[in-house]
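Below: the structure, in structure tokens.
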Amino acid sequence: MTIRLSHLFLRTLRDNPVDAEVASHRLLVRAGYIRRAAPGIYTWLPLGLTVLRRLEQIVREEMARIGAQEVHFPALLPKEPYEASGRWEEYGDGIFRVGDRRAEEIEPGVRRPNYLLAPTHEEVFTLLVKDLYNSYKDLPLSIYQIQTKYRDEARPRAGLLRGREFIMKDSYSFCLTEEDQRAAYDAHREAYVRIFERLGLPVLPVDAVSGAMGGSASEEFLYPCEIGEDTFVESPGGYRANVEAVTTVAPEPIDYTDLPPAEVHHTPGTDTIGTLVEAANDHHARSDRPWTAADTLKNVVVAVVSPEGQRHVVVIGVPGDRDVDFKRTEATIGAKLGIAGEVSVEAAETTDFAKHPNLVRGYIGPGLSLDAPHLGEDSATGIPYLVDPRVVPGTSWITGANEPDQHVFGLVAGRDFTWDGTIEACAVRDGDPAPDGSGPLTTRRGIEMGHIFMLGTKYSESLGLQVLDENGKLSTVTMGSYGIGVTRALAALVEANHDDKGIIWPASVAPADVHLVATGKGSEIYEAADQLAADLEQAGLSVIYDDRPKVSPGVKFGDAELLGVPTIVVVGRGLAQGTVEVKDRRSGEAEHVELPQAVEHLKERAASLR
């Protein structure tokens, strides 16, 4: 197929869009692949759709290879299945809810939502299988779709990487035995590895948490990239995990039988860890070594916001040399507090402190004795108190005494105070030990490309998906969920493949095999280029042909580099010597090829790049 730029619906831009923060956003808009329709919502133009469909085809081929079958659900779905699973409320403000003309009118012109634009499709996949299958003989089964999803992102950004509308491949496995479910999970994992290999993206599988999706085993596929929103770790011994899934190597409990009693000291003006450590060394120096921030117990007050918007104040105790990572905290704190759905965690505000006047900012502590706890669900304040796993019985701390300008020294965990539970809330640092003993951790940033889950029976139980087993008894089906961000993968390809001139598409998804440029004033140049385009098409190669007659060579060359087709062929001055220029977009290297040999040369080159 030949695409002529003289007829293509395309306008390239010389300047970057003012709202574009990352390279993929800038270049996809400048090259005419997408256009912004609204914040986080983009229109796909012809060349963008071509790349998108080629990427989708790779996904389809690998899904078919593992025996998964394609279906297609509507994006507009009724609320009832999501109410049954609990996610209608759990999603909170994160989804688009709509009311049709039959919905209950709450007030004039306002109707109660009874539909949603699907953020994900677990419920309706489950109900479809329930509707059609009822026997163990029908299983195992894997089905998938490539469909548009919608999420009400508060701050859509980075173009296709974080939008309100996006395309995903989501597949689901349905099995009766753990053995079959593990086989389906492993098959999808292997398919994902092959997909990203074919795309040329160096994606890493890492351990992850299931979060609101539920289930047990979970892995993310991350493309290491500095603009990524996810942080993951790796060790020299091969451990890899999203920081949310990293478990702290906790010390063993310490015998505190001979430790001296705790003492309260006057510490004026020490409402920060830095000033507290300085005061401790100046006025309460120890004989063996100086006090450090690691000797202090910092009690951080946070607000956990439920999907319904309710704020729950919680205090998290961490070593003073550590910071609380809110995203890491969000992964598990909802379950610890018995809050269903995805929660958000943020620093407590003035209004939160006003509701809890017993929290003295800068001097908060768990209490001075087990008989008089200040924090915890059974304490005077009733505020839940969770601590870092490094806080183990026998560890001794400097912490707040719950009075202005007062701190307690030598407060011993387990002897003087206790807690409601532990939580992985501290930010993971370079050099922290890997949980599996494989060496020190190194942190990196990455873009999440895919996520796979062993869901278990969360959705099949809530929606009643059962089949008759070999003994004629009803048995609940076990599920797996497997997602790939298709539009996000396209953006990641640009992040991984660009230079200061434009995009450099991998051949596997490029909009064409060859970008043919005719440049010069003679009619013989365009006649030769027309014939070469026809010959290349006849040979099975796809061509973008810049046949625009009144466009300068500089603009044509600039557009060719911006659009990013792997091979650029120029029919111009060399035609007088019977040659064309063949240029590698990635390396910039160029060679002159005899025109009669050009088609065969380009066929071989295209085959080598695929």
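The values are calculated or read from the model by the stated rules, or taken from the named source; none is laboratory data. Please read these numbers as outputs of a predicted model, since none were measured by experiment. Here the Cβ positions follow ideal geometry from the backbone for every residue, glycine too, while neighbour counts run over all protein chains shown. We work out accessible area using only protein heavy atoms, side chains counted, and drop any ligands, DNA or RNA first. Shrake-Rupley method; radii C 1.70, N 1.55, O 1.52, S 1.80 Å.
Odds and ends about this structure:
- In summary, the stretch 371-444 shows an alpha-carbon radius of gyration equal to 1.36 times the 2.2 N^0.38 Å reference for compact globular proteins.
- Relative intensity, log₁₀ I(q)/I(0), of the stretch 4-47 from a Debye sum that treats every alpha carbon as a point, q = 0.14 Å⁻¹: -0.31
- Volume of the convex hull of the stretch 262-316 (Cα atoms only), normalised per residue: 113 Å³.
- Sites Val551 and Leu49, calculated FRET efficiency, Cβ-Cβ separation with R0 22 Å, nearest 0.05: 0.40
- Label point of Asn134 set 7 angstrom out along Cα-Cβ; within the stretch 460-481, amide nitrogens under 12 Å from it belong to 466-468.
- Selection from Thr177, Pro156, Pro205, by position along the positive dipole direction of the chain (Cβ): Pro156
- The chain: calculated mean residue ellipticity at 222 nm from DSSP helix runs of at least 4, using -39500 (n - 2.57): -7500 deg cm²/dmol
- Probe 1.4 Å, accessible area per residue of the stretch 296-425, Å²: 38 Å²
- Charge dipole (the stretch 218-313, unit charges on Cβ, about Cα centre) - positive-most of Pro224, His265, Pro236: His265
- The trypsin sites (Lys or Arg not before Pro) of the stretch 432-512 that meet both conditions, a loop assignment by DSSP and at most 12 other Cβ atoms within 10 Å of the site Cβ, are Lys473.
- Linear extension gain, Gln538 paired with Glu377, 0.36 nm per residue minus alpha-carbon span: 50.4 nm
- Think of the chain as a dipole: +1 on every Lys or Arg Cβ, -1 on every Asp or Glu Cβ, centred on the Cα centre; then among Ala560, Tyr482, Thr350, Ala560 lies furthest on the positive end.
- Ordered from highest to lowest accessible area with the whole protein assembly present and a 1.4 Å probe, Met1, Met168, Met449 read as Met1, Met168, Met449.
- Principal semi-axes in Å for the stretch 392-508 [√(5λ), Cα gyration tensor, largest first]: 44, 34, 14
- Restricting the stretch 464-537 to GluC sites (Glu not before Pro) in coil, as DSSP defines it, with at most 10 other Cβ within 10 Å: Glu470
- The value obtained for the stretch 142-239, namely the Cα convex hull volume divided by the number of residues, is 147 Å³ per residue.
- Straight-distance crosslink candidates among lysines, where the alpha carbon sits under 26 Å from Lys130 and sequence neighbours closer than 8 are dropped: Lys79, Lys149, Lys169, Lys458, Lys473
- Solvent-accessible area, 1.4 Å probe, carbon plus sulfur percent, for the stretch 454-546: 43 percent
- Accessible surface of the stretch 257-359, 1.4 Å probe: 52 percent of it comes from carbon and sulfur atoms.
- Magnitude of the charge dipole, the stretch 490-589, Cβ model with Lys/Arg +1 and Asp/Glu -1, debye to 20: 260 debye
- If the convex hull is drawn through the Cα atoms of the stretch 553-610, its volume per residue in Å³: 74 Å³
- Zone of Leu370's modelled label, taken as backbone nitrogen in the stretch 400-439 under 12 Å from a point 7 Å along Cα→Cβ: 413-419
- DSSP-loop trypsin sites (Lys or Arg not before Pro) across the stretch 80-178, with at most 15 other Cβ within 10 angstrom: Arg101, Arg102
- q = 0.10, 0.18 Å⁻¹, the stretch 445-549: log10 I(q)/I(0) [Debye, one scatterer per Cα]: -0.60, -0.97
- Centroid-to-centroid separation of the stretch 186-249 and the stretch 4-28 [C-alpha atoms, Å]: 31 Å
- Under the simplified labelling scheme, the Lys336-Lys603 pair shows an inter-label distance of 6.5 nm, with each label point 7 Å from Cα along Cα→Cβ.
- In range of the label at Ala294: residues from the stretch 230-272 whose backbone nitrogen is under 17 Å from the point 7 Å along Cα→Cβ: 248-254
- The lysines whose alpha-carbon is closer than 25 Å to the alpha-carbon of Lys556, local same-chain residues fewer than 8 away aside, are Lys501, Lys521, Lys583, Lys603.
- Residues of the stretch 451-515: accessible area per residue with a 1.4 Å probe, Å²: 30 Å²
- Simple point charges give the picture: +1 on the Cβ of Lys and Arg, -1 on the Cβ of Asp and Glu, and for the chain a dipole about the Cα centre of about 2280 debye.
- FRET efficiency, Ala347 to Thr476 (Cβ-Cβ, R0 41 Å, nearest 0.05): 0.45
- Pairwise inverse Cα distances across the chain, averaged and inverted, put the Kirkwood hydrodynamic radius at 28.2 Å.
- Surface composition of the stretch 1-50: carbon plus sulfur atoms hold 54% of the accessible area, using a 1.4 angstrom probe and ignoring ligands, DNA and RNA.
- Take the stretch 133-265 with all the other protein chains still there, run a 1.4 Å probe, and you get 45 Å² of accessible area per residue.
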